[in-house]
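The values are calculated or read from the model by the stated rules, or taken from the named source; none is laboratory data. Bear in mind the structure is a predicted one, so any value in this text is a computation, not a measurement. Because the Cβ atoms are built from the backbone with ideal geometry, glycine has one as well, and the counts that use them run over all protein chains shown. What goes into the accessible areas is simple: the full protein's heavy atoms, side chains included, and nothing from ligands, DNA or RNA. Shrake-Rupley method; radii C 1.70, N 1.55, O 1.52, S 1.80 Å.
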Amino acid sequence: MMPLKKHKLWANITGALLMIAFLALAVHLSRIQLLDHDKYRTLARGQQNKKIELPARRGSIVDRNGLTLAESLQVSSVYADPAEIEDVRTAAYLIGKVLRLNSSKLAKLLRKDKRFVWIKRKITDEELIEITKLALKGVYAKHEYQRFYPNGSLGSHVLGFTNIDERGIEGIELSFDDELSGEPGYKLINRDALQRQIITPDAEIRLPQHGNHVQLTIDANIQRLTEEELEIACEKWNPLSATAVVMDPMTGEVLAMANVPTYDPNHFRKYSPAARRNLAITDSYEPGSLMKPLVISGAFEHGVTKPDEIIFCEHGKAVIEGRKLSDTHPHGDLTISDIIAQSSNIGMAKVGMRMGNEKMYRYLKQFNFGEKTGIELPGEINGVFHPLKQWSKKYSLISVSIGHEIAVTPLQFITAFCCLPNGGQWIRPKVVKATISNDNKTKEYYRPSQAAERVISSQVARTIMNPILMRVVTDGTGDKANLLEYDVAGKTGTSQKIQSSGGYAHNKHVGSFIAYAPAERPRICVLVMINEPQKGAYYGGTVAAPVVREIILRSLMYLGEEPATFKMAMQ
């Protein structure tokens, strides 16, 4: 009896334990099905489904005529799923040999507790073929896009560049990054227990929205010839740097913007930050005599002088309000026109003083000196134009009249100067002409937020100043910019650079020249600044005027502008 009762006891105990176990299992399953349903569904989906990103193609950047300046091309990148790698050492050795990577570092990467690691991005077609031949489990290739600049360094300071993820870093690539980038898509794929892909016809997919295109005002041909002429000048004068800007004075559109030193955005890491600076908007200089036409225009506007008035210029040496002034060449009596043509500091100081501080300040402030122009490029600085309360009683007025105590970027100054050839209007400069949707159907023109503002009367700008500025080129300091084919109007500028310790450096100059043509029907305005030219010359008329002449000649010929000599022959 005892053994039977004992077995029955153990059977009851076992049955009770089984009931408890089944009950616990039922409770656990209920919790999984009811309370933790979303949690485990998410885990299951993570194991069974894989989300593959479908990259968006970055929009292209084109010139005003549609020539491609920047585009994204499809390339391959190699990645790995470390959990699938069976022999890390062998895989690291083989991959490292093909992709020229350190196998020890690669082995550490492949041992990481991750399901995705990049091995090498943006590989060549040859490397992709060799990697494919290895047929290593857990090693895959995927398509990406790589930014490419088909014209090398052409317009690089305007274009900028992108990083490896195709995010804009400088230039238009940065300022229009959102427009160019687009939105990536994705595709969901199913996998079995061995992580093999299961193809299903109803797989969820969202196609990428490719980036829009940006059309610049830049003309690639004018950009190229501008860079060529600037490079020739730099080889001749060996300056610290040089900048050229070509603008349509009637619209404010920048046709070319070039700097030396320059760089190739395809290999931007090989260049110093200094080479990548867009000096046309990031650096400012005292304009020197370039300011004289604007100051004289103000004197005409306020009626304090007339073009034929004669001013005694003290034979090249004078003390005005306790300040010593000198001219490059001694002159006696000069008309206002002669003062500009011969670039007399003494004559300018005498005329400028008639304006008075307040009139001079308010007049020049209309040109937005000391403010950003608002061009669609990152990194633009304000320049320097001191508020009126900081002007000295007499000294500042003399200084500003001859282009001192004010600092401008090349873009700021050409924008201001274009008020003369365009008939007196300050027009916000622009380097973007349009944005184009990725389907190439919708074109949205990018417009500046500020309309043109009249700052000079058309009578002064065109009727009075145009003949004066033509004389600068035919009979004055800008004679090296004179052309047989076209009438040119412009102004030379030479300024000493300010030392960090204060005062002016006697051996550091900026030679500059600005001009527009054809003088009677202006189509382009060109500014060239040569920063610290060497080899014994530094005057703007010597180092910069010949560059402007060649840019004007080649640009107008390219644009189909009929030479003036042909017109005369037909009359």
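Relative to the longest principal axis of the Cα atoms of the chain, helix 345-365 runs at roughly 50 degrees. For the chain, the longest principal axis of the Cα atoms and the long axis of helix 465-475 meet at an angle of about 80 degrees. Between region 483-547 and region 262-313, the C-alpha centres lie 9 angstrom from each other.
Can you give the calculated 222 nm mean residue ellipticity of the chain, where each DSSP H run of n ≥ 4 adds -39,500 (n - 2.57) and the sum is split over every residue, rounded to the nearest 500 deg cm²/dmol?
It lands at -10000 deg cm²/dmol.
Mean separation of Cα pairs under 8 Å and 6 or more residues apart, divided by the residue count, gives region 78-151 a relative contact order of 46 percent.
Going through [x] 145, 52, 46; [y] 95, 74, 35; [z] 105, 59, 42, the figure that equals Cα extents along the principal axes in Å as computed for the structure here is [x].
Normalising the average separation of contacting C-alpha pairs (under 8 angstrom, six or more residues apart) by the number of residues puts the relative contact order of region 462-553 at 28 percent. Distance between the pseudo-spin-label points of residue 319 and residue 104 (7 Å out from Cα toward the beta carbon): 7.7 nm. In loop segments of region 195-288 as defined by DSSP, the trypsin sites (Lys or Arg not before Pro) with at most 14 further C-beta atoms inside 10 Å of their C-beta are 196. Residue pairs exceeding 32 angstrom between C-alpha atoms, taken from 270/480; 430/480; 187/433; 430/491: 270/480; 187/433.
Relative to the dominant Cα principal axis of the chain, helix 292-301 is inclined by about 70°. Gain on full extension, evaluated as 0.36 nm per residue between residue 54 and residue 124 minus their Cα-Cα distance, stands at 23.2 nm.
Work out how much length residue 440 to residue 505 would gain on full extension: take 0.36 nm times their residue separation and subtract the Cα-Cα distance, in nm to one decimal.
Net length gain for the segment: 18.0 nm.
Compute the FRET efficiency between residue 67 and residue 537 as 1/(1 + (r/R0)^6), taking r as their Cβ-Cβ distance and R0 = 35 Å, and round to the nearest 0.05. For residue 67 and residue 537, the calculated efficiency is 0.45. Residues whose amide H comes within less than 5 Å of that of residue 384, counting only those at least five positions distant or on another chain, are 370, 407, 408 (H built at 1.01 Å from N in the peptide plane).
Surface composition of region 104-149: carbon plus sulfur atoms contribute 54% of the solvent-accessible area (1.4 Å probe, protein chains only, all chains present). Amide H contacts for residue 426 (H built 1.01 Å from N in the peptide plane; partners 5 or more residues away or on another chain; cut-off under 5 Å): 453, 454, 455. Estimated from the Cβ-Cβ distance and a Förster radius of 45 angstrom, the FRET efficiency linking residue 142 and residue 282 is about 0.75. Extending 7 Å from Cα along the Cβ direction at residue 228 and again at residue 167 yields two label points whose distance is 4.0 nm. Spin-label pair residue 359-residue 187: with each label point 7 Å from Cα along the Cα-Cβ axis, the two points sit 7.5 nm from one another.
How far, in nm, would the chain grow between residue 18 and residue 113 when pulled straight, counting 0.36 nm per residue and subtracting the alpha carbon separation?
On the way: separation 95, 0.36 × 95 = 34.20 nm, distance 3.96 nm.
In short, 30.2 nm is gained.
For region 466-571, which GluC sites (Glu not before Pro) are both in a DSSP coil and crowded by at most 15 other Cβ atoms within 10 Å?
Listed in order of number, the matching sites are 520.
With the cut-off at under 18 Å, measuring from each backbone N in region 212-236 to a point 7 Å along the Cα-to-Cβ line of residue 251 picks out 214-224. 3J(HN,Hα) along region 393-410: 4, 10, 4, 5, 4, 5, 4, 5, 4, 10, x, 10, 6, 8, 10, 10, 7, x Hz, from the Karplus curve 6.51 cos²θ - 1.76 cosθ + 1.60 with θ = phi - 60°, whole Hz, x for Gly and Pro. Proximity of backbone amide H atoms, modeled 1.01 Å from N, is registered between residue 242 and 260, 531 at under 5 Å, excluding neighbours fewer than 5 places apart on the same chain. In percent, rounded to a whole number, the relative contact order of the chain is 13, using alpha-carbon pairs under 8 Å and six or more apart.
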